[in-house]
1. Of all accessible surface on the chain at a 1.4 Å probe, what whole percent is carbon and sulfur?
2. How far apart, in nm, are the 7 Å Cα→Cβ label points at residue 26 and residue 84?
3. Label points 7 Å out from Cα along the Cβ direction at residue 40 and residue 71: separation in nm?
4. Relative to the Cα centre, what is the charge dipole magnitude of the chain, using +1 at the beta carbon of each Lys and Arg, -1 at the beta carbon of each Asp and Glu, and rounding to the nearest 20 debye?
5. Scaled to the compact-protein estimate 2.2 N^0.38 Å, what is the alpha-carbon radius of gyration of region 59-123, rounded to two decimal places?
6. Out of residues 5 or more away from residue 53 or on other chains, whose amide H comes under 5 Å of its own, with H placed 1.01 Å from N in the peptide plane?
7. In whole Hz and in residue order, list the ³J(HN,Hα) couplings for region 64-75 that follow from phi through the Karplus curve 6.51 cos²θ - 1.76 cosθ + 1.60, θ = phi - 60°; x for Gly and Pro.
8. Using DSSP to define loop residues, name the trypsin sites (Lys or Arg not before Pro) in region 1-80 whose beta-carbon has at most 15 other beta-carbon atoms within 10 Å.
Amino acid sequence: QVHLVESGGGLVQAGDSLRLSCTVSEQTFTVYTVGWFRRAPGKRREFLAVITMTSGTRYYADSVKGRFTISKDNSVNTVYLQMNSLRPEDTAVYYCAVGPSKLTSIVDQYQDWGQGTQVTISS
């Protein structure tokens, strides 16, 4: 199985930037893709972005395309989410999770969820 740990959240002002990190500890299985998600109060988990750990192919939700960038550094087993031009509506707990071999935006196809990191954007 795989253990994921998110970090990098915090409190920032609207318009600021933040970079989140997802450290992947592989125990038994090969990790094909890693996705970033968020859950705002009273809302379901929302897909944001996903990256393949092999080729680095990326796919983004329309809601964050152009503002958020997903990347990886396999040497340190870490996937990043660079978030620019943050807005109050970006306030949520942000999670990373392991996905299947094919890129997908379907939340239920991901597993091995981390504990999440809180991101709060003040107006």
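The values are calculated or read from the model by the stated rules, or taken from the named source; none is laboratory data. Bear in mind that the values here come from a model prediction, so they are computed numbers and not experimental data. With ideal geometry, Cβ positions are generated from the backbone for all residues, glycine too; neighbour counts draw on all protein chains shown. Surface accessibility is based on the protein's heavy atoms, side chains included, excluding ligands, DNA and RNA. Shrake-Rupley method; radii C 1.70, N 1.55, O 1.52, S 1.80 Å.
1. On the way: 2940 of 6630 Å².
So the carbon and sulfur contribution to the accessible surface is 44 percent.
2. So the two model labels end up 3.1 nm from each other.
3. Modelled inter-label distance: 2.7 nm.
4. Dipole of the chain, to the nearest 20 debye: 240 debye.
5. Numbers: Rg = 12.9 Å, N = 65, 2.2 N^0.38 = 10.7 Å.
After normalising by residue count via 2.2 N^0.38 Å, the value is 1.20.
6. Counting only residues 5 or more places away or on other chains, the set is 33, 34.
7. Once θ is set to phi - 60°, the couplings for region 64-75 become 10, 4, x, 10, 9, 10, 9, 8, 8, 9, 5, 5 Hz.
8. Working: sites: 19, 38, 39, 43, 44, 45, 58, 65, 67, 72; in loops: 43, 44, 45, 67.
Counting only loop positions with at most 15 other Cβ atoms within 10 Å, the trypsin sites (Lys or Arg not before Pro) in region 1-80 are 43, 44, 67.
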